[in-house]
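Colleague: Following this message is one structure expressed as structure tokens.
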Amino acid sequence: MTTPASAQNNPPTHQAEDIPLPPPENEINLANLAMPLGETILTLNMEGGPIYGILQRSRAMTAQSDYFRLQFRGYARADGQHWQMLEGDDNRFHAVYNVAWIRVDRPSKTVTFGPKSGVSCSPGLVGSNLETYLFANIIAWAKGIYPDYAITPGLVTMGQSNSEEERLQRHAFFATQGFQFEWQDPAQRSALYFKDKVNKLLGVWNKDAIKEFGGEDMLKTLANQDETRASMQQRIDQLEGAHDSIKRALQKEKSTSQILTGVLVLVAILALWAVL
């Protein structure tokens with residue numbers, strides 16, 4: 001069979017059908033797969049004394065996703081020389097409080113920030129700037145690995161009080177990190193935060209409010225404590241030596257006094273006998 005000339009000049013074309021992208025993996029499943037990467041001690045400088053706690057980094061990687069999470073667990077508040085141990089939600093790794101995470105979906109080249117309700121602190125850590133620290137460090141991590149990925153918009157809702165101060169704080173929280181922020185209803189109870197690319201975010205936090213206490217700092221502190229302890233022990237030994245010397249001198253003085261007293265009594269008795 002001869003192929004028509006028109007068919008030879010215009011061979012049939014087949015349009016490649018668009019292959020649908022798989023849906024993003026569930027962040028709860030990824031969280032269960034996350035393995036700890038390491039821990040750092042944080043100092044939260046708050047009124048009433050600094051709070052010390054543990055920051056844990058964890059990560060889960062699959063063929064489709066990359067999941068990175070930061071969690072903080074408070075340990076104790078230092079009140080002068082006394083330590084007050086933290087309890088409840090302040091003292092444990094939590095899925096809602098004191099946590100920030102990011103889920104990277106490679107097929108769609110998008111990232112999603114969480115928790116989806118917004119980063120929030122447990123009751124005892126409110127006002128510590130911990131939420132800003134966690135969110136900023138999640139952003140910094142994403143900027144270092146996936147700077148050109150798009151950002152899935154996030155929706156946050158306000159609490160029952162929904163005061164003007166709370167709305168301003170929530171707006172400022174996202175705006176400070178470079179997000180655009182738009183209220184979605186006249187009552188301003190829900191808002192959308194969004195940005196087109198990860199590399200346009202900022203990732204900033206108050207380094208005076210929260211300080212990282214790494215391994216080298218810990219070793220320096222232990223070394224300083226050992227030096228201070230040795231110096232104090234040397235001083236104690238010197239004081240104890242001086243105390244023993246004074247004690248011996250006093251004992252010698254006491255013995256001398258007793259001898260002189262005995263001599264005086266004996267002289268007095270002899271004098272009385274002589275008179276009689």
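The values are calculated or read from the model by the stated rules, or taken from the named source; none is laboratory data. No experiment lies behind these values; they were computed from the predicted model shown. So basically every Cβ, Gly included, is an ideal-geometry build from the backbone, and we count neighbours across all protein chains shown.
Colleague: What number of residues within region 205-251 are surrounded by 10 or more Cβ atoms within 10 Å (Cβ to Cβ), closer than 19 Å to Glu39 by Cβ, among the acidic types (Asp, Glu) and at pLDDT below 70?
Modeller: Selection size over region 205-251: 1.
Rundown of residues vs (1) of a type outside the set (Asp, Glu); (2) in contact with a Phe, Trp or Tyr (Cβ under 9 Å, 6 or more places away or on another chain); (3) modelled with pLDDT under 95; (4) more than 23 Å from Gly178 (Cβ to Cβ), yes/no style:
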site: Gly53; (1), (2), (3), (4): yes, yes, no, yes
site: Leu70; (1), (2), (3), (4): yes, yes, no, no
site: Gly80; (1), (2), (3), (4): yes, no, yes, yes
site: Phe93; (1), (2), (3), (4): yes, yes, no, yes
site: Val96; (1), (2), (3), (4): yes, no, yes, yes
site: Thr110; (1), (2), (3), (4): yes, yes, no, no
site: Ser122; (1), (2), (3), (4): yes, yes, no, yes
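Colleague: Considering only region 172-200, state which residues are within 20 Å of Asn162 (Cβ to Cβ), touching a strand residue (DSSP E or B) at 6+ places or on another chain (Cβ under 8 Å) and of a type outside the set (Phe, Trp, Tyr).
Modeller: Ala175, Glu182, Gln184, Arg189, Ser190, Ala191, Leu192
Colleague: Sticking with this one: Could you grab me the full set of residues in region 152-202 that are within 25 Å of the chain's Cα centre (by Cα) and assigned to a loop (DSSP other than H, G, I, E, B)?
Modeller: Those that are within 25 Å of the chain's Cα centre (by Cα) and assigned to a loop (DSSP other than H, G, I, E, B): Met158, Gly159, Gln177, Gly178, Phe179, Leu201, Leu202.
Colleague: Conditions: (1) out of contact with any Asp or Glu (no Cβ under 7 Å at 6 or more places or on another chain); (2) closer than 16 Å to Asn199 by Cβ. Ala150 meets all but one. Number of the miss?
Modeller: So the condition that Ala150 fails would be (1).
Colleague: A further question follows. State all residues of region 92-114 that are in a loop (DSSP other than H, G, I, E, B), in contact with an Asp or Glu (Cβ under 9 Å, 6 or more places away or on another chain) and under 22 Å from Trp205 (Cα atoms); if no residue qualifies, say none. Break it down into steps so the answer makes sense when it comes.
Modeller: As a first pass, look at region 92-114 and keep what is in a loop (DSSP other than H, G, I, E, B): 92-96, 98, 106-109.
Then drop every residue that is not in contact with an Asp or Glu (Cβ under 9 Å, 6 or more places away or on another chain), which leaves 96, 98, 106, 109.
Selection gives Val96, Asn98.
Colleague: Considering Asp89, Asp66, which residue is part of a helix (DSSP H, G or I), out of contact with any Leu (no Cβ under 7 Å at 6 or more places or on another chain) and either in contact (Cβ under 8 Å) with a residue 40 or more places away in the chain or not basic (Lys, Arg) (or both)? Full working, then the answer.
Modeller: Values: Asp66 fails: part of a helix (DSSP H, G or I).
Unique residue meeting the criteria: Asp89.
Colleague: With the requirement that a residue be of a type outside the set (A, V, I, L, M, F, W, C), more than 19 Å from Gly114 (Cα to Cα) and surrounded by 13 or more Cβ atoms within 10 Å (Cβ to Cβ), what does region 71-89 give you? Walk me through it before giving the result.
Modeller: Taking region 71-89 first, the residues of a type outside the set (A, V, I, L, M, F, W, C) are 71, 73-75, 77, 79-82, 84, 87-89.
Keeping just the survivors that are more than 19 Å from Gly114 (Cα to Cα) gives 74-75, 77, 79-82, 84, 87-88.
Selection gives Gly74, Tyr75, Arg77.
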